[in-house]
Each structure stands twice: as C-alpha cells, then as structure tokens.
Amino acid sequence: MPIELKHVTYTYMPQTPFERVALQDVSLTIEEGSFTAIAGHTGSGKSTLVQHLNGILQPTSGQVLVDGTDLAARGKAALAARRKVGMVFQYPEHQLFEETVALDIAFGPKNLELPEAEIEQRVRQAMEFVHLDYETYKDRSPFQLSGGQMRRAAIAGVIALQPKYLVLDEPTAGLDPRGREDLLQRIVQLHKKEKITIVFVSHNMDDIARTADRVVFMDQGKVLLDEAPAKAFFAEKEIAQAGLAAPQMVTLLTKLREKGLAVDPAAFTMEDGVAHIMKALREAKSC
C-alpha cells in the first residue's frame, strides 16, 4: 500500500504575526516500491512535506495515510504506521549523541524493545551496509569519525529500524564528490536489494536523474509536477518555476542535437548519455 497525502495544508505559527503557509492543499501518492524524488528551491515546502510522512508534523488540515492508517489518529495502529517511515534529516550527523557508534545505531532498535541478540544483529547489518566495519568502529566515539563516516553512521541508525519507507532529506549535502558518489550508490543498492520505498529530497537534478523513477517538483508549498523522469526533465516551464535546472546531460545532449548530432536528449544519465554521444559520433564518422 502507498503513502497518501490528501489535501494537506500546513501553517507555521498560525494566528500570530509570523504565520506562514508552508503547504497548500497538497495531494500526493507515494507508491510502495518507488524511488520518488522531491525537488524544489529553498522554501518550496519539500522539507515540511516529508516531515508529515512519519507524523513529525501534523497537517493543519487534510490527512496523511501510511498503508491506509491516518497518522493523526491515536492508538497502536497509528504508532505502528509512523514507525514504518524512517527519516534521515539534512546533515543527519547532527542526530548523533551516544558515546559509541554501536550504541548510537542501537538506540532505535532498543526503543522497539527488541531482544539484545537481534539489536546487535541489526547494528552489524546496518554498519556493514554503510561500509563501516563493525569491529573497527563499534566502540569509537561517533564524534571521532570523519564527516562522511558520521553521515553514514547516522543513516545506519535509521536503517537499523528496518523501515518500510525511507525518507532522505538532502542526504548528500556538504559531502565531497567521492562521499556523494558512495552514499548515492548505497541508497540505490538499499532500494533494489531490500525493496525499500525511497523518498529522496534534493535540489540536485543530476543526483535525481541517476536514482529516481518518479519526480515531484514543488514551489510555494504546492506540487507543480508529478511525472516520470523522462517527462519531468523536459518540463522547461515547471523546472524554471521550481528554481531548478535540467540535468547537465540533458542540457548537453539538447545542445548537441541542435548542432546536428543525432543524439537522444532523453538519455539523461551520465552512462547513457556518453554511450549515445559515442554512438552518434561513430555513425557521423562512417557517413
């Protein structure tokens, strides 16, 4: 079953001089098993939106349903539904607080009152997934890690909860190119291997092109567009309104096509784009 937002509006500090409407009548369905990217400029409402997906924020009006359960309801069913959604905030290393890496990652599973053996197994598996060797790092302070390692440890803490849905708010922000590449590969691997539904918040369209099977553009608290990447990356009006830029490969292929090279701009990933350019050059040379 999906996550459903039905006519969700959210207002910060209502009935005060600082009142601000962050979401306006948003209706959106995030299908189970999808890799959905939510993109928009700063202040577009994307972070506010994803904080509704596990009940951190409650709508001023409207409903958020996870597998058919209203997150605003009370009782065990709503609590169980909220726990299905793991949230990794922007700069997740700021979430670290325990004395050791292992204790920090184990914090969530302990709150689920799991047996100690299962907690240790989850910690080991989560650390293995993010490429932090258990024996090397388990007793190390998380604050002695590098920036990229801290990011991975924080993400491991959420993965250890084994959520059905994983929300990542700008997870690559502040990372160097190698760290960004490694983290994106881990996220895609998690999605494919564990069949976890991913909600990926980013303003980096190149990252989105490499990962997502669905793209949502937001602006001023509203959904501008909800399409497959092959359509979203060519929606020039919506891209401009959302304060974004098309993926670099789309821009390059479009310009090459305008110059007469027979390439397909819809090959928007780096790998596909390079393959199309090389093929077009070989064909042009043989003519």
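One line per residue, one yes/no per condition, for (1) surrounded by fewer than 16 Cβ atoms within 10 Å (Cβ to Cβ); (2) touching a residue at least 60 places away in the same chain (Cβ under 8 Å):
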{"position": "GLY179", "(1), (2)": "no, no"}
{"position": "ILE187", "(1), (2)": "no, no"}
{"position": "LEU190", "(1), (2)": "no, yes"}
{"position": "ALA209", "(1), (2)": "no, yes"}
{"position": "ASP219", "(1), (2)": "no, yes"}
{"position": "ALA235", "(1), (2)": "no, no"}
{"position": "GLU271", "(1), (2)": "yes, no"}
{"position": "LYS279", "(1), (2)": "yes, no"}
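Given the conditions (1) closer than 22 Å to THR48 by Cα; (2) surrounded by 15 or more Cβ atoms within 10 Å (Cβ to Cβ), and given that PRO247 satisfies all but one, which numbered condition is not satisfied?
(1)
In segment 44-82, which residues are of a type in the set (A, V, I, L, M, F, W, C), in a helix (DSSP H, G or I) and more than 16 Å from the chain's Cα centre (by Cα)?
ALA77, ALA78, LEU79, ALA80, ALA81
For segment 255-266, give me the residue count where each residue is surrounded by fewer than 16 Cβ atoms within 10 Å (Cβ to Cβ) and either touching a residue at least 40 places away in the same chain (Cβ under 8 Å) or not aliphatic (A, V, I, L, M) (or both).
Looking only at that region, the number is 6.
Hey, among the residues in segment 112-124 that are more than 24 Å from the chain's Cα centre (by Cα) and outside any loop (DSSP other than H, G, I, E, B), which one's surrounded by the most Cβ atoms within 10 Å (Cβ to Cβ)?
The selected residue is ILE119.
Which number in (1) surrounded by fewer than 22 Cβ atoms within 10 Å (Cβ to Cβ); (2) in contact with a strand residue (DSSP E or B) (Cβ under 8 Å, 6 or more places away or on another chain) marks the one condition that LEU183 misses?
The one condition LEU183 does not meet is (2).
Considering only segment 83-93, state which residues are within 15 Å of the chain's Cα centre (by Cα) and either of a type in the set (Val, Ile, Thr) or not in a loop (DSSP other than H, G, I, E, B) (or both).
Selection gives VAL85, GLY86, MET87, VAL88, PRO92.
Being farther than 19 Å from LEU225 by Cβ and surrounded by 18 or more Cβ atoms within 10 Å (Cβ to Cβ) narrows it down to one residue among LEU79, LEU71, LEU49, LEU103; which is it?
Unique residue meeting the criteria: LEU71.
Could you list, in sequence order, all residues of segment 152-206 that are farther than 23 Å from ILE239 by Cα, hydrophobic (A, V, I, L, M, F, W, C) and in a strand (DSSP E or B)?
LEU166
Taken together, the values in this text are just the output of simple stated rules run on the coordinates, not laboratory data. A quick note: this is a predicted structure, and the numbers were derived from the prediction, not measured. We place every Cβ from the backbone using ideal geometry, glycine too, and count neighbours over all the protein chains shown.
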